[in-house]
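Enquirer: Following this message is one structure expressed as structure tokens.
The values are calculated or read from the model by the stated rules, or taken from the named source; none is laboratory data. Worth saying up front: this structure is predicted, and the values here are computed from it rather than measured. So basically every Cβ, Gly included, is an ideal-geometry build from the backbone, and we count neighbours across all protein chains shown.
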Amino acid sequence: MGRIVVDVMPKPEILDPQGKAVAGALARLGYDEFGAVRQGKRFELEVDGEVTPELLGRAREAAGLLLSNPVIEDVVNVSADESADESADDDAVVS
Amino acid sequence: MGRIVVDVMPKPEILDPQGKAVAGALARLGYDEFGAVRQGKRFELEVDGEVTPELLGRAREAAGLLLSNPVIEDVVNVSADESADESADDDAVVS
Amino acid sequence: MTGRTMSGATTHLDTVEHAGQSPDTIQPWAELGLKADEYQRIRAILGRRPTSAELAMYSVMWSEHCSYKSSKVHLRQFGDKTTEQMRSVLLAGIGENAGVVDVGDGWAVTFKVESHNHPSYIEPYQGAATGVGGIVRDILAMGARPIAVMDQLRFGAIDHPDTARVVHGVVAGVGGYGNCLGLPNIGGELVFDPCYQGNPLVNALCVGALRHEDLHLANATGEGNLVVLFGARTGGDGIGGVSVLASETFDEKGPSRRPAVQVGDPFAEKVLIECCLELFTAGVVEGIQDLGGAGLSCATSELASAGDGGMAVRLEEVPLRDATLRPEEILMSESQERMMAIVRPDRIDEFMAIARKWDVEAAVIGEVTAGERLTITWHDELIVDVPPRTVAHEGPVYQRPFERPGSQDALQADSALALPRPKTGDELRETVLRLAGSPNLASKEWVTAQYDRYVMGNTALAMPDDAGVVRVDEESGLGVAVATDCNARFAKLDPYAGAQLALSEAYRNVATAGATPLAVTDCLNFGSPEDPGVMWQFAETTRGLADACQVLGTPVTGGNVSLYNSTGDDAIHPTPVVGVLGVMDDVTRRTPSGWRQPGQVIYLLGTTREELSGSEWAWVTHGHLGGVPPKVDLGAERLLGQILVNASRDGLVDAAHDLSDGGLAQALVEACLRYDVGARVWLDEVCERDGISPFTALFSESVARVIVSVPRTEEVRFTDMCTARGQVHARIGVVDSPDEDATLDVQGLFSIPLTELRQAWEPLLRNTFS
Amino acid sequence: MRVGVVTFPGSLDDQDAARAVRLAGGEAVSLWHGDCDLRGVDAVVLPGGFSYGDYLRCGAISRFAPVMEPLIAAAKGGLSVLGICNGFQVLCEAHLLPGALIRNDHRMFVCRDQRLSIERTDTPWTNQYQRGEEIVIPLKNGEGGYVADDATLDMLEGEGRVVARYVGGNPNGSYRNIAGVSNEAGNVVGLMPHPEHATEPFFGPDPRSGTTGLDGMRFFTSLLEKVAAA
Ligand SMILES: Nc1ncnc2c1ncn2[C@@H]1O[C@H](COP(=O)(O)OP(=O)(O)O)[C@@H](O)[C@H]1O
Ligand SMILES: [Mg+2]
């Protein structure tokens, strides 16, 4: 089983109330090394079998058509998730 | 100027109503090669200068503390965004 | 001691046959919360050891939460003390998912309040959201269209560092779910008190409306009828406890990861509501039950035990979100947004077509059988074979010991009458402002602005008025008013009186809006039943409430009990939330809580006694809680209610506001700020008549009192009516102009510009939580 | 006068919109999202709600509903369409209106009686208002922040396509206080606040905000006027 990741971010010039709130909260917690914060969306699409170039192409289409609104958002990444089969290890990054 | 990316996903066992709705919409649009869909969050944190290991460590802390809700979410990635200085190119992926 | 590991070849399914052959298998009943004698009882009922699936079902259905084992003996009074006459307004009462009240013209209304306290502390947003979702499905299961929600929230001290987290999550969760369902939120409660610090209370109420003929009851009748599970897929939600079974049985894989938190999907619930209503209209549903606590275990055993036969279920037909779930887990999953229906085979195609229209997944998982057993198979292997009543209704019943705590005498002896009081006009003025800006009296707008009160277009009154009022029949204007109340400080001082005072206040609020009170629901939030002091509070509360309902003629139609609300050994104050439902022929006659017309006269109805113990004044200005609460006077409450309803019907009053927390002072503040219209008030006559000081007149919390504003043209009719019926009344003021410098002027004592009053009253929550 | 009201899964104010149409003297025709058919109606209201739970982006999923196909074509051909709240979001997602609606700047759902000034009065939905007239109708949304790039905003203002603006405080962070916009021809209007909730005495905005509570009615009577005149 493969997985495709699609990342969508608010366009730089569009207000991002959530990113702003996160930045404020981080600063209040003492994490002031992070200046601006933007909050976007990450989609994980599961596919049967390998992630082929065709599937990536279809995912790109879907990303432009449905997963993002080009008026306010950019699709910043569409790619195969290599860690798809070992998702149990994902948690490791926080520890 | 550097950028750190933090990706947060709903825990696999937790219901993800948004992902479910997206999966349904994709199928109706004919994108039925994507079975399950999960929707999470992507944060981009800006830092002055290089992304150092220390900064990544701080971002990991912040991800566990504020950017994710450990009861229902996993932090699946905290890493430097290499494309930070050439973000204009990001759009390319959809075209 | 029960062992954690099971002997034998555990990778096999624990079938009934296997259970019969392996009586000595050690089972994890203690981990599942069962007592030794309870486990023995299950063995006696079945004549063998239970299978692990049966054990799962019994353990969850015999839990405190589902079986009411500690509270049952006390709750019986609600039925026992309901007279035939009280029962005459009920189409369905206690024992159903919710009580159903006849409101005339062929219409009925159903309402119920339920708790979701513990989940809301762990994950405030989802806990509160799924709390709303659960109570809405209860109402839907009666065949009713849900028409409004309310929420009763209690948090720790407003300035405690953890309070904001819980408040934000809970309020957003109540709003996020209710708004998305399209149910107007028409009121609720918001209380801050340190006793709720580690144990906030999140109660939610839903009101539904139906035509008499649409009433649906939860039973499975008719041999051969199909059992249909529909709505969301079943996942591993809320089965943390039972994963011990999975790990027992399948130890080589270890316990699977199961979510501790249920996530709500309000959109799924919205389509489920519309789908159910269309199914009801099409007449394709014989019986229906929501899935809430204990999921399929509860729905199958309750439907079967309320029916006339048995039920056979094929568990592998349940649509799953997580394919790794074991049968025990499927039975206990508390996945949200699911319902179970009983459908005749010749109507199943119609049923499925309607479900498809709404994109609601539905699966036939079994049928009603001739026998008296509930059987469940997993790929043709029998894993459950039980008499359903023993699961659903014949669980353990405890006579828990109870005893009035030794500390109660000292608590009651510590009266607030001894506290220093404001005396001068200036001191009184300061006190009015201080109370108006205190956490429990300040404007609740920061919360209520996050709730949609307009959706459906039938809301005639909502916050900040005394009761929520919604139209039921668009043709006639027929509608209902609902209010819920509980002053837990009063209940702490005297639980018997406290319960009656909660009822008294909710009853008064409904009447103040102009509606005739008809019926009651309650949510009894208490500490641990294993503490005899808490059990005493509980016993006193139920006795007090049942007695008072009998006097007021308003039956308890249903409710909920939440126990174990404590942090360490510290229980919350006993908090019996009481909801009253009233009916009005035409909701456009509803009485709002603020005056608008300059020159109208203001009357205070009722007698004021020197009753300050447990009051908001004692708490806010002295941090004091002691003494005995205000005297209960149900006769006065009933008379006052009749006066208010008649006055509304005959157009004798333009505004009415009940007196409760903060007394007359706070009622005047709110009546002025409602529409920014001032008032001139004099207290001499009342002080002289009742033998009290101006301070007592302003801050005492005596019951059965309201202020009303009366058009001058109606003044004689109004006072004649009061006199004729023996309603104590006194003219205490006139409504002043609504101009820039409108004031609340209490003659001879103080005067406060409304701008200053608003400044004191309005910003606290916004400043604290924004 | 037959006015279609579309019901998507998760539409909430569809009954209310239909009631407002009836109170204004029109006939409300219910349209189902899954039908590729406008049933010959003279105008369409896309009502408020949380279609598809407002998951992904508000209106993003409904925009692809079968009924939207004929609707988009008819709107381009001049059919009068009013999108209220979620309906406004659907119209933006369908690119019948420019811009987009994002999470409120304070990130909370807000329900309040909102003062607006009506700026475009030559649309079929607003021809009974005076230019600059102030009205009060309910506002209730979580994602009502109107955003667009500067060029688009300048264009909207330059062409007089801003239909209504917030007065007395911006409730959700909308750029330039924009509460509603129209397409160039004016037949398609999107509005964040809810005129249908201010059409019946006792059930609309609170008199405290200095209104009769009926300020929303003319959105619906305007339509009848326009058709009668045509
Ligand atoms: N405090 C109470 N007062 C009156 N009835 C109660 C109370 N608590 C529970 N009940 C009644 O007991 C029955 C079972 O309650 P509950 O388990 O909450 O119902 P459900 O399974 O529908 O959630 C219901 O009819 C309910 O109304
Ligand atoms: Mg129920």
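Enquirer: Could you identify the single residue in C:Gly479, C:Gly406 that is under 30 Å from C:Lys270 (Cβ atoms) and either within 14 Å of chain D (Cβ to nearest Cβ) or without any contact (Cβ under 8 Å) to a residue 60 or more places away in the chain (or both)?
Expert: The conditions single out C:Gly479.
Enquirer: Go over the candidates C:Val632, C:Val653 one by one and state the one that is over 20 Å from C:Gly594 (Cβ atoms), in contact (Cβ under 8 Å) with a residue 40 or more places away in the chain and of a type in the set (Val, Ile, Thr).
Expert: Just one listed residue meets the conditions, C:Val632.
Enquirer: In the list C:Thr554, C:Thr484, C:Thr541, which residue meets the criterion of being of a type in the set (Val, Ile, Thr), within 14 Å of ligand 1 (Cβ to nearest atom), part of a helix (DSSP H, G or I) and in contact (Cβ under 8 Å) with a residue 40 or more places away in the chain? Steps first, answer last, please.
Expert: Details: C:Thr554 fails: part of a helix (DSSP H, G or I); C:Thr484 fails: part of a helix (DSSP H, G or I).
When all the criteria are applied, what remains is C:Thr541.
Enquirer: Here is a further query. Please count how many residues of segment D:121-172 are closer than 21 Å to D:Val90 by Cα and part of a loop (DSSP other than H, G, I, E, B).
Expert: 12
Matching residues to (1) buried (at least 24 other Cβ atoms within 10 Å of the Cβ); (2) in a helix (DSSP H, G or I):
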| site | (1), (2) |
| --- | --- |
| C:Thr300 | yes, yes |
| C:Ala304 | yes, yes |
| C:Met311 | yes, no |
| C:Met339 | yes, no |
| C:Asp346 | no, yes |
| C:Met352 | no, yes |
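Enquirer: Considering only segment D:1-21, I want to know if a residue exists there that is surrounded by fewer than 21 Cβ atoms within 10 Å (Cβ to Cβ), at pLDDT below 95, of a type in the set (A, V, I, L, M, F, W, C) and within 25 Å of C:Glu475 (Cα to Cα).
Expert: Yes, because at least one residue in segment D:1-21 is surrounded by fewer than 21 Cβ atoms within 10 Å (Cβ to Cβ), at pLDDT below 95, of a type in the set (A, V, I, L, M, F, W, C) and within 25 Å of C:Glu475 (Cα to Cα).
Enquirer: For segment A:38-67, give me each residue that is at the interface with chain B (Cβ under 8 Å from one of its Cβ atoms) and in a loop (DSSP other than H, G, I, E, B).
Expert: A:Asp48
Enquirer: Quick one: C:Gly514 ticks every box in (1) away from every other protein chain (no Cβ under 14 Å); (2) at positive phi except a single one, so which number is it?
Expert: If we test C:Gly514 against (1) away from every other protein chain (no Cβ under 14 Å); (2) at positive phi, just (1) comes out false.
Enquirer: Residue under question is C:Gly131, and the condition is that it be within 24 Å of C:Asp237 (Cα to Cα) and either assigned by TED's automatic domain parsing to the domain that holds C:Ala294 or within 14 Å of ligand 1 (Cβ to nearest atom) (or both); does it hold?
Expert: Spelling it out, C:Gly131 is indeed within 24 Å of C:Asp237 (Cα to Cα) and either assigned by TED's automatic domain parsing to the domain that holds C:Ala294 or within 14 Å of ligand 1 (Cβ to nearest atom) (or both).
Enquirer: Now for a different question. Of all residues in segment C:412-433 being part of a helix (DSSP H, G or I), closer than 13 Å to C:Ala618 by Cβ and not small (Gly, Ala, Ser), which is modelled with the highest pLDDT?
Expert: Going through the qualifying residues, I end up with C:Thr431.
Enquirer: Give the residue that is nearest to ligand 1 (Cβ to nearest atom), with candidates limited to residues of segment C:60-111 that are under 17 Å from C:Val397 (Cβ atoms) and touching a Pro at 6+ places or on another chain (Cβ under 8 Å).
Expert: C:Phe78
Enquirer: Can you work out which of the residues in segment C:272-316 that are in contact with a Pro (Cβ under 9 Å, 6 or more places away or on another chain) and more than 14 Å from ligand 1 (Cβ to nearest atom) is nearest to the other protein chains (Cβ to nearest Cβ)?
Expert: Here the answer is C:Glu274.
Enquirer: Consider C:Ala98 carefully, then state whether it is away from ligand 2 (no atom under 16 Å from the Cβ), in the same structural domain as C:Ile186 (by TED's automatic domain parsing), buried (at least 22 other Cβ atoms within 10 Å of the Cβ) and touching a residue at least 40 places away in the same chain (Cβ under 8 Å).
Expert: no
Enquirer: Looking at C:Leu433, C:Leu493, C:Leu518, can you tell me which residue is out of contact with any strand residue (DSSP E or B) (no Cβ under 8 Å at 6 or more places or on another chain) and in the same structural domain as C:Phe750 (by TED's automatic domain parsing)?
Expert: Result: C:Leu493 is the single residue among C:Leu433, C:Leu493, C:Leu518 that is out of contact with any strand residue (DSSP E or B) (no Cβ under 8 Å at 6 or more places or on another chain) and in the same structural domain as C:Phe750 (by TED's automatic domain parsing).
Enquirer: Anything in segment C:137-148 that is within 14 Å of another protein chain (Cβ to nearest Cβ) and within 16 Å of ligand 1 (Cβ to nearest atom)? List them, or say none.
Expert: C:Pro146
Enquirer: Could I ask something else about it? Is one or more of the residues making up segment C:277-297 farther than 30 Å from C:Glu394 by Cβ, away from ligand 2 (no atom under 16 Å from the Cβ) and surrounded by 24 or more Cβ atoms within 10 Å (Cβ to Cβ)?
Expert: Yes, segment C:277-297 has at least one match.
Enquirer: Restricting attention to segment C:573-588, and to residues there that are under 17 Å from the mean Cα position of the chain (by Cα) and more than 16 Å from ligand 1 (Cβ to nearest atom), which single residue is nearest to C:Ser67 (Cα to Cα)?
Expert: Once the filter is applied, the top-ranked residue is C:His573.
Enquirer: Just to be sure, is D:Gly53 under 27 Å from A:Val71 (Cα atoms), part of a helix (DSSP H, G or I) and within 10 Å of another protein chain (Cβ to nearest Cβ)?
Expert: On the way: under 27 Å from A:Val71 (Cα atoms): yes; part of a helix (DSSP H, G or I): yes; within 10 Å of another protein chain (Cβ to nearest Cβ): yes.
In short, yes.
Enquirer: Quick one: C:Asp162 ticks every box in (1) buried (at least 20 other Cβ atoms within 10 Å of the Cβ); (2) among the charged types (D, E, K, R); (3) away from ligand 1 (no atom under 11 Å from the Cβ) except a single one, so which number is it?
Expert: (1)
Enquirer: Condition check: surrounded by fewer than 20 Cβ atoms within 10 Å (Cβ to Cβ) and more than 11 Å from ligand 1 (Cβ to nearest atom). Does C:Asp151 satisfy that?
Expert: No, not satisfied.
Enquirer: With respect to the numbered conditions (1) assigned by TED's automatic domain parsing to the domain that holds C:Asn185; (2) modelled with pLDDT under 95, which one is the sole condition not fulfilled by C:Val109?
Expert: Among (1) assigned by TED's automatic domain parsing to the domain that holds C:Asn185; (2) modelled with pLDDT under 95, the lone unmet condition for C:Val109 is (2).
Enquirer: Yes or no: segment C:242-263 includes at least one residue that is within 16 Å of ligand 1 (Cβ to nearest atom) and either modelled with pLDDT of 85 or more or buried (at least 24 other Cβ atoms within 10 Å of the Cβ) (or both).
Expert: yes
Enquirer: In segment C:610-714, which strands (runs of 3 or more DSSP E) lie fully inside it and hold 1 or more residues that are at pLDDT 95 or above and of a type in the set (Ser, Thr, Tyr)?
Expert: Correct list: C:706-710.
Enquirer: Further, regarding this structure: I'm told C:Asn203 meets every condition in (1) assigned to a loop (DSSP other than H, G, I, E, B); (2) under 30 Å from C:Ala92 (Cβ atoms) except one. Can you identify the failing condition by its number?
Expert: Here C:Asn203 meets the rest and fails (1).
Enquirer: With the requirement that a residue be within 14 Å of chain C (Cβ to nearest Cβ) and either among the basic types (Lys, Arg) or out of contact with any strand residue (DSSP E or B) (no Cβ under 7 Å at 6 or more places or on another chain) (or both), what does segment D:111-140 give you?
Expert: We begin by selecting, within segment D:111-140, every residue within 14 Å of chain C (Cβ to nearest Cβ); these are D:111-114, D:136-140.
Passing the criteria: D:Arg112, D:Lys140.
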